[in-house]
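Encoded as structure tokens, the structure appears first; notes follow it.
Any read-out appearing in this document is the output of simple, stated calculations on the displayed coordinates, not a laboratory observation. Quantities reported herein were computed from a predicted structural model and do not represent experimental measurements. As a convention, Cβ positions derive from the backbone with ideal geometry for all residues, glycine included, and neighbour counts pool all protein chains shown.
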Amino acid sequence: MTVLSGTTRARSEHTVPWAALGLMLAMAPPVALIVFGIAAEGWAAISWVGAIVWGVVASLAFTVFSIMGRAMGMTRMDLLDLLGSTVARPGSGAARALGLAIHLTNGAVLAVAWAYGTALFGLPANWVTALGWAVVLTALALLMMSMIGGVHPAMRRGEQDDPGPAAINFGRMTPMGSLVGHLVYGLVLGLTYSAWPLT
């Protein structure tokens, strides 16, 4: 089944099964790292508190960068509204608040995945590996943005802009902004987790 999602300003065509598959593929690597990490290395292989706390802090840094990029006209993407409008009305305070909660939760989960990834592969949990993880996350995020219109309720109803391939419907600089934002996330995560693991 093919759908046209988004508003008249930014829309894309999606094949729903492929969109759902793309979203699952984008989520699979972090989930696999956590599951296999726990199975192979055990619960105590990482600092859960450190990963969660610094993952949230790193996500806040990413959020500030994202808001600044939008304010400077680098992108039209309102990440918090886009995330929150999966449930709440697009453009509302509730959508942005929910989007922030989703974004911070993602940041914590992705930090746990990174920590387990370093444990599984015998790598140091520092800023270098965190920057590498940030590059991977950028690719996964752009895949997700490319596919999300096929399943996002507000986009399917024509109430929310569809990001389009690699989110370029929000501006040609959006993919680069995503990379830099994720690098900010990785740098903050790697520096804080290695300095203060909170074990």
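Observations, loosely collected:
- Filtered by the rule that a residue be surrounded by fewer than 22 Cβ atoms within 10 Å (Cβ to Cβ) and either out of contact with any Ser or Thr (no Cβ under 6 Å at 6 or more places or on another chain) or basic (Lys, Arg) (or both), the range 174-187 gives 175, 176, 180, 183, 184, 187.
- Residue pairs meeting the criteria (Cβ under 8 Å; at least 6 apart or on separate chains; first on the phi > 0 side of the Ramachandran plot, in the range 164-175; second part of a helix (DSSP H, G or I) and surrounded by fewer than 18 Cβ atoms within 10 Å (Cβ to Cβ)): none
- Residue tally, condition without any contact (Cβ under 8 Å) to a residue 60 or more places away in the chain and in a helix (DSSP H, G or I), over the range 82-116: 17
- Restricted to the range 42-76, and to residues there that are over 18 Å from the mean Cα position of the chain (by Cα) and part of a helix (DSSP H, G or I), the residue that is farthest from residue 117 (Cα to Cα) is 71.
- So residue 199, is it assigned to a helix (DSSP H, G or I), of a type in the set (S, T, N, Q) and surrounded by fewer than 18 Cβ atoms within 10 Å (Cβ to Cβ): no
- Any hit, the range 69-78, residues being farther than 22 Å from residue 169 by Cα and either of a type in the set (Val, Ile, Thr) or loosely packed, with under 15 Cβ neighbours inside 10 Å (or both): no
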